[in-house]
Amino acid sequence: MSKITVTNLKYKYPHRDNLALNNISFEIQPGEFIGIVGENNSGKSTLCQSIIGLVPHFYKGGYGGSVIIDDIEVYKSDISTLCKKVGLIFQNPFNQVTGSKETVFEEIAFGLENIGIPRDEMIERINFSMKLLDIEQYKDRNPFDLSGGQMQRVAIASIIAMKPEIIILDEPTSQLDPAGSEEVFQAVTKLSNEGITIIMVEHKIEKIAAYCDKVMLMHKGELIKFDTPSEVFSLDNLSDYGINPPIFTSICKKLNLRKDDNNYPVTIEETLQLLKKERSYEQN
Ligand SMILES: Nc1ncnc2c1ncn2[C@@H]1O[C@H](COP(=O)(O)OP(=O)(O)O)[C@@H](O)[C@H]1O
Ligand SMILES: [Mg+2]
């Protein structure tokens with residue numbers, strides 16, 4: 001059974017003429033790592049909000065179609081129910097940590113204390129999420145003394161401790177340096193391997209290509225394509241949607257170097273594999 005099923009979703013913010021989401025349909029399977037790409041105002045954040053239920057429950061506005069998580073219909077549910085299933089991570093880790101906790105451990109404990117988790121279970125959950133995000137060594141440090149990438153991992157650990165089944169990250173690396181971004185992508189991949197469904201809005205195309213199972217390309221509120229990174233980034237008219245393909249895809253396009261399925265490689269590994277194959281043809 002699909003984890004998330006979106007059918008003919010349409011949404012308009014109050015007092016706005018344009019549809020922020022225009023007839024979107026897709027299905028996401030449990031444990032998939034999905035990347036959402038698209039230029040500004042294409043509806044990426046709105047789509048994220050519609051999965052956690054802030055659209056329409058908080059923002060109101062005009063709504064049609066359906067979003068179903070497992071067997072829960074978002075429109076008929078409420079945010080408190082949905083928040084138990086879906087965790088949300090924002091751009092800036094500085095705005096996400098509470099700012100009132102002295103240590104990483106206490107920071108992660110905060111959400112659990114709020115929902116009254118018994119102490120033993122709390123410690124177990126905190127240790128589990130610190131281990132998963134590889135931040136055990138910062139346990140007693142002040143969250144504000146950490147680097148951006150480390151702090152974003154603390155924010156993600158706080159969400160993981162709440163045991164969500166889906167995590168949505170809206171541009172989680174936009175404030176981070178390359179090393180911090182890499183940390184976040186690796187951490188999130190680990191979560192997806194644990195069976196958590198991941199939806200990540202991201203501009204770093206190379207990273208999306210390297211890490212995501214599938215890519216959702218959005219433009220002006222519409223879902224243009226939802227497929228493997230290779231299918232999406234091989235689109236001839238990708239630039240019409242304000243997206244540059246990964247660097248290796250561009251190079252292979254120029255060289256007309258295609259894979260067996262006629263698509264272009266999207267990562268260095270795929271490119272090298274293809275070049276090796278071409279060379280062995282030539283030698284035989
Ligand atoms: N809170 C809001 N109120 C009214 N309109 C909004 C709001 N947030 C976004 N929009 C509009 O919805 C459309 C999609 O925006 P958004 O989902 O933020 O796109 P993206 O995340 O791809 O940049 C845009 O036209 C934007 O102006
Ligand atoms: Mg956005």
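If I take R0 = 51 Å and measure r between the Cβ atoms of L257 and D17 in this structure, what FRET efficiency does the formula 1/(1 + (r/R0)^6) give, to the nearest 0.05? Don't skip to the end; give the middle numbers.
Numbers: r = 45 Å, r/R0 = 0.88.
Calculated transfer efficiency: 0.70.
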query = So in the chain, what percent of DSSP beta bridges are antiparallel if you round to the nearest 5?
reply = 55 percent
ask   = How much accessible surface does Y75 have with a 1.4 Å probe, in Å² rounded to 10?
value = 120 Å²
query = So how tilted is helix 148-160 from the main axis of the chain? Cα-based, degrees 0 to 90, rounded to 10.
reply = 70 degrees
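Considering only the other residues whose Cβ falls under 12 Å of the Cβ of L21, what net charge follows from Lys and Arg at +1 and Asp and Glu at -1? Walk me through the numbers on the way to the answer.
Details: positive: K10, K12, R16, K44, K220; negative: E222.
Local charge sum for L21: +4.
Could you report region 51-136's accessible area per residue, 1.4 Å probe, as an integer in Å²?
On the way: 4450 Å² over 86 residues.
Value for region 51-136: 52 Å² per residue.
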key: Proximal lysines to K76, defined as alpha-carbon separation beneath 21 angstrom and excluding residues fewer than eight positions away on the same chain   = K3, K10, K12, K60, K84, K85
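Using Cα-Cα distances under 8 Å and only pairs 6 or more residues apart, what relative contact order does the chain have, in percent?
On the way: 534 pairs, mean separation 62.9, N = 284.
For the chain, the relative contact order is 22 percent.
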query = Which three extents, in whole angstrom, do the alpha-carbon atoms of the chain cover along their principal axes, largest first?
reply = 66, 47, 33
For region 142-210: accessible area per residue (Å², 1.4 Å) = 33 Å²
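Run the accessible area of the chain with a 1.4 Å probe and give the carbon-and-sulfur part as a rounded percent. Can you show the working numbers first?
Working: 6590 of 13850 Å².
Exposed carbon and sulfur together represent 48 percent of the surface.
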query = Where does helix 268-283 land angle-wise versus the long Cα axis of the chain, in degrees 0 to 90, nearest 10?
reply = 20 degrees
remark   = Expressed in nanometres to one decimal, the distance between label points 7 Å along Cα→Cβ at N244 and S80 is 4.8 nm
message = At 1.4 Å probe size, what's the solvent-accessible area of L272? Round to the nearest 10 Å².
response = 90 Å²
note = Helix 119-132: inclination vs the chain longest Cα principal axis, degrees, rounded to 10, gives 20 degrees
task = Treat each spin label as a single point 7 Å out from the Cα along the C-beta direction, and report the S100 to E206 distance in nm.
result = 4.2 nm
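Helix-derived [θ] at 222 nm for the chain: sum -39500 (n - 2.57) over DSSP H runs of at least 4, divide by residue count, nearest 500? Present the calculation step by step, with values, prior to reporting the outcome.
On the way: 12 runs with 114 residues, N = 284.
For the chain, the value works out to -11500 deg cm²/dmol.
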remark   = Taking S80, S181 and ranking on accessible area (1.4 Å, protein atoms only), highest first, one gets S80, S181
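Can you give the relative contact order of region 119-167 as a percent, counting alpha carbon pairs under 8 Å and 6+ residues apart?
On the way: 25 pairs, mean separation 22.1, N = 49.
About 45 percent, as a whole number.
By how many nm would the segment from E222 to N237 lengthen if fully extended, with 0.36 nm per residue of separation less the alpha-carbon distance? Mind dumping the intermediate values first?
Values: separation 15, 0.36 × 15 = 5.40 nm, distance 1.54 nm.
3.9 nm is the gain from fully extending E222 to N237.
The values are calculated or read from the model by the stated rules, or taken from the named source; none is laboratory data. As the structure is a prediction and not an experimental result, all values here were calculated from the model. For neighbour counting, all protein chains shown are included, and Cβ atoms are generated from backbone atoms with ideal geometry for every residue, glycine included. Only protein heavy atoms, including side chains, enter the accessible area calculation; ligands, DNA and RNA are left aside. Shrake-Rupley method; radii C 1.70, N 1.55, O 1.52, S 1.80 Å.
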